[in-house]
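We did not get these values from a lab; they are worked out from the coordinates using the rules stated. Because the structure is a prediction, the values reported are computed rather than measured. Cβ atoms come from the backbone with ideal geometry, glycine included; neighbour counts cover every protein chain shown.
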Amino acid sequence: MISRQLTYLDWAATAPLCDEAAEAMMPYFEGGLGNLEYGGNANSLHSIGRHAFAAMENARTRLARCAGCRPDELFFTSGATESDNTIVFGVVESARAARRMKGDSSFEPHVITSAIEHEAVLEPMHRLERQGVRVTYLPSDANGFVSPDALDEAMGDDTVLVSIMAANNEVGSIQPIEQLARISHEHGAFFHTDAVQAFGKIPFDCTRLGVDAASFSAHKICGPKGIGALYLSRKCACKPFMLGGGQEAGLRSGTQNVAGMAGFAAAAESLCDVPFLAEERMRLEGLRDRLYRFLSSFDGVAPSVACSPKSHDYLPNIIHVTVADMESETMILRMDRERICVSGGSACSSKSLGPNRILSQLGMDKDRALGALRLSLGRYSTLEDVECFESAFQRMIDWARS
Ligand code: PLP
């Protein structure tokens, strides 16, 4: 029977708005002049502007508490793509300018990242390379991990920035961020992490991890789309990427999206509460492990990485497998006919036909990587969703192999 109810298993691409975020933003969407009570420009001096400013600073303080940093080190952006671009270009430009001020006009900074980063980090890195910057892409092992020893070896006197994601958006591997940050600091480089997939899924505290910068996105944690944040330690020199009116302490010009900030803070508070996070992690791991067991029972279906039951090395909400003799697009569309949303990997690259980029980086052969299937869970995922997927998957395999 085809279920008419939607089963959403693509939370790593985006998450639905939670009630807390929707409620926090509601007052900002009143139409007409009534909108002004909440909808002022946070930089205006009059009372309406001051009201918006107070709401913005309230959101910043609450979000900073969730991210383990000081409010004056947290800057709102339009999303993690902007946060990543800001740090990559900004740190390199600052380092170059500082050395040139000292008379070293030929200095070209060296930057290190990993080969399994999101495009929001990789594409800025590619642009830097075209500008003559030396970029090292650390490989991942077959299970999605970047080696701290490889980082140590790659570091040089000219390395100014290391950017390695906290958790991979496709296979869910959690990187040893504390250790990677320590190695970067030993060599005098700043350490940035793209924390988009980790934040709100596992404990993430900028101060405890010792990172200098971290990128966040609201829509991955049931907040609104089009708002993100960048944690930037006061020690980390970073030239602004967006120039204009000097908002966000000059780091990110542009009139602030106060409604988005209120929604982001509410969503973060509702997910990052420590007992809730621990409980959610256990609940999602239970669903994840069940799905891995179910999928592994089919001939030709294999986990893409070595995620063992109750494994804390992987995000609790991501399941990644390959299905022999099936292509990702076929599976996505077949599941969609049953109102089940799944993916073949990152939403950014999902429209490009061909083998999954991340699996290729993990050393998987092209034919196997063509059959990538990613399921991702979230706050509203239930056992019923899992059961619904299992029945549909069984039907799909019966259809494909009949
Ligand atoms: N970084 C990672 C790891 C992601 O998964 C995503 C979204 O898919 C982004 C960055 C981009 O985030 P945003 O949509 O907020 O620009």
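Data table
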item	result
Test result for Ala237, among the aliphatic types (A, V, I, L, M), under 25 Å from His126 (Cβ atoms) and assigned to a loop (DSSP other than H, G, I, E, B)	yes
Any hit, segment 44-59, residues being within 16 Å of the ligand (Cβ to nearest atom) and in a helix (DSSP H, G or I)	no
Residue in segment 110-124 that is away from the ligand (no atom under 16 Å from the Cβ), surrounded by fewer than 20 Cβ atoms within 10 Å (Cβ to Cβ), among the acidic types (Asp, Glu) and on the phi < 0 side of the Ramachandran plot present	no
Residues of segment 207-221 that turn out to be within 15 Å of the ligand (Cβ to nearest atom), outside any helix (DSSP H, G or I) and either within 22 Å of Ser270 (Cβ to Cβ) or over 17 Å from the mean Cα position of the chain (by Cα) (or both), as a count	4
Pairs, first closer than 30 Å to Gly172 by Cβ in segment 220-249, second more than 16 Å from the ligand (Cβ to nearest atom) and among the hydroxyl-bearing types (Ser, Thr, Tyr), C-beta under 8 Å, six or more apart	Cys222/Ser270; Cys238/Ser94
In segment 16-43, the residues that are part of a helix (DSSP H, G or I), under 28 Å from the mean Cα position of the chain (by Cα) and touching a residue at least 12 places away in the same chain (Cβ under 8 Å)	Glu20, Ala21, Ala22, Glu23, Ala24, Met25, Tyr28, Phe29
Filter result (farther than 17 Å from Gln256 by Cβ and either among the aliphatic types (A, V, I, L, M) or buried (at least 17 other Cβ atoms within 10 Å of the Cβ) (or both)) within segment 51-79	Cys66, Ala67, Gly68, Cys69
Segment 284-326: number of residues that are buried (at least 17 other Cβ atoms within 10 Å of the Cβ) and assigned to a helix (DSSP H, G or I)	9
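Residue-wise test of (1) within 30 Å of Lys310 (Cβ to Cβ); (2) of a type outside the set (D, E, K, R); (3) part of a helix (DSSP H, G or I).
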| site | (1), (2), (3) |
| --- | --- |
| Gly103 | no, yes, no |
| Ser106 | no, yes, no |
| Arg127 | no, no, yes |
| Asp157 | no, no, no |
| Val160 | no, yes, no |
| Ile183 | yes, yes, yes |
| Gly188 | no, yes, no |
